[in-house]
Amino acid sequence: MSPSATPTTAAQLRGAGLRVTAARVALLETVRAGAHLDAEEIAGGVRERVGHVSLQAVYEALTALTAAGLIRRIEPPGSPARFEGRVGDNHHHLVCRACGVVADVDCAVGEAPCLTASDDHGFAIDEAEVIYWGLCPACSPVAAAT
């Protein structure tokens, strides 16, 4: 493979020390093609690609892929866990209080972890998780009035 070539999904799974299966390839590709999908949505995408797969198998694969750093799990309070393929850049999220839509937002200021704790209590901080809450354009009273 040339230095500029992007590794295949199977190669990425192997590189993470994971067994390559059709369901895992389909799951990783579904997460990366989607936008903050929950497990049910991911299972539907996997089933469209490879046929039947149990929800339990989807949860087990999501756990393995998250632990391997190939996908990211986010859990906005009051929402089911969601998964995304954007990893390694410490971005944050916007969540609509009305419809629950989630959108990515790049770090607000500075380099990762984007925020400096007022007291780190001796921790070596390497990540900050920020969730901005509000109303998306479709749910905003301003949008409804126009």
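Phi-derived couplings, Karplus 6.51 cos²θ - 1.76 cosθ + 1.60 at θ = phi - 60°, listed residue by residue for segment 54-68: 6, 5, 4, 5, 5, 4, 5, 5, 4, 4, 5, 5, 5, 4, 7 Hz, with x used for Gly and Pro. Entry comment: accessible area of the chain is 61 Å² per residue, from protein heavy atoms only and a probe of 1.4 Å.
Counted residue by residue at 0.36 nm each, then reduced by the alpha carbon distance between them, the extension gain from residue 33 to residue 11 reaches 6.1 nm. Of all DSSP-defined beta bridges confined to the chain, some 70% are antiparallel rather than parallel.
Relative contact order, whole percent, for the chain stands at 17, derived from Cα pairs under 8 Å and 6 or more residues apart.
Enumerate the whole-percent occupancy of each 5 Å bin, from 0 to the last occupied one, for all C-alpha pair distances of the chain. The distribution over the chain is 2, 9, 16, 17, 17, 15, 12, 8, 4, 2, 0, given as percents.
The values are calculated or read from the model by the stated rules, or taken from the named source; none is laboratory data. Quantities reported herein were computed from a predicted structural model and do not represent experimental measurements. SASA here: full protein model, heavy atoms, side chains in, ligands and nucleic acids out. Shrake-Rupley method; radii C 1.70, N 1.55, O 1.52, S 1.80 Å.
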